[in-house]
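Novice: Sharing a structure below in structure tokens format, with a few things to ask.
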Amino acid sequence: MDTKIASNDYPLHELLKNRWSPRAFENKFIKPELVRSLFEAARWAPSSSNIQPWYFIAGFKGDDTYESISKTLVEFNLLWATRAPLLFVAVARENNNRGEPNVSALYDLGQAVALLTVQAMAENLYVHQMGGFDAEKARELFEIPVGYKPATVVAVGYMGHSSDLHPNLLKMEVAPRERRKASESVFSGKFGQESKIF
Ligand SMILES: Cc1cc2nc3c(=O)[nH]c(=O)nc-3n(C[C@H](O)[C@H](O)[C@H](O)COP(=O)(O)O)c2cc1C
């Protein structure tokens, strides 16, 4: 099993330090109560005006929903994602309760998935989000109405062995995780001006 612990510059909670997006998943079922807790974590995310614009279409390996989700994946993601026991499509409701565009919809959906990811880590489950899927195909297959945007497909499971992966994926799986410095993203005074906090 490959762990890719963050080389953090400042102290970080274990759950965040250990989180990463593996492509190798173990062929192991996730207990339903753990899956319920994942979506409970998403449920309690903050959202603009508490609109809760998140919706999820969940498939479990072996069922029709899972099969349909896998049909939406781009070739690259198909190389690995269908080993995961749980796949779901994350969908954002695009309008607010007055029928106007909710500019925070994708932001809030992302927060919900982020919290789900942390809840998953608390159970030793790993999450890998994917933008590489055919959203229009997902719309057709799942009859997703206009005004709801399929944003990502998400794979969840227990971490597997990189040696089980397609050879083209191996290098990426074991490469160290990299980030720019926090000081390059946090400004004070004006945009682009490094904050004194660092
Ligand atoms: C919105 C989104 C879309 C992504 N799309 C893909 C994808 O289609 N295929 C893939 O293998 N990884 C995908 N990723 C995973 C990212 O490549 C990964 O999170 C990033 O390289 C940082 O690595 P880490 O999560 O292991 O820290 C996606 C992640 C996000 C958040």
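Just so it is clear, none of the values below were taken in a lab; they were calculated from the coordinates. Worth saying up front: this structure is predicted, and the values here are computed from it rather than measured. Reconstructed Cβ throughout: ideal geometry from the backbone, glycine too, with neighbour counts over all protein chains shown.
Novice: What are the residues in the range 1-33 that are without any contact (Cβ under 8 Å) to a residue 12 or more places away in the chain and of a type in the set (A, V, I, L, M), if any?
Specialist: Answer for the range 1-33, where residues must be without any contact (Cβ under 8 Å) to a residue 12 or more places away in the chain and of a type in the set (A, V, I, L, M): just Leu12.
Novice: Output the helices (runs of 4 or more DSSP H) that fall wholly within the range 91-194 and possess 1 or more residues being touching a strand residue (DSSP E or B) at 6+ places or on another chain (Cβ under 9 Å), surrounded by fewer than 15 Cβ atoms within 10 Å (Cβ to Cβ) and free of Cβ contacts under 8 Å to residues at least 40 places away in the same chain, or say none.
Specialist: 135-142
Novice: Being within 16 Å of the ligand (Cβ to nearest atom), in contact with a Gly (Cβ under 6 Å, 6 or more places away or on another chain), closer than 16 Å to Gln129 by Cα and not β-branched (Val, Ile, Thr), is that true of even one residue in the range 43-64?
Specialist: no
Novice: Now for a different question. How many residues, within the range 117-128, are within 12 Å of the ligand (Cβ to nearest atom) and closer than 15 Å to Ala45 by Cβ?
Specialist: We begin by selecting, within the range 117-128, every residue within 12 Å of the ligand (Cβ to nearest atom); these are 117, 121, 126-128.
The next check asks that each one be closer than 15 Å to Ala45 by Cβ; those that pass are 117, 127.
The number of residues fulfilling the criteria is 2.
Novice: Just to verify a result, which residue in the range 69-90, among those that are over 19 Å from Phe29 (Cα atoms), touching a residue at least 12 places away in the same chain (Cβ under 8 Å) and part of a helix (DSSP H, G or I), is farthest from the ligand (Cβ to nearest atom)?
Specialist: My answer is Lys71.
Novice: Follow-up question, since we're still on this one. If I filter the range 21-42 down to residues being buried (at least 17 other Cβ atoms within 10 Å of the Cβ) and more than 25 Å from Val91 (Cβ to Cβ), which single residue comes out as farthest from the ligand (Cβ to nearest atom)?
Specialist: Here the residue is Glu26.
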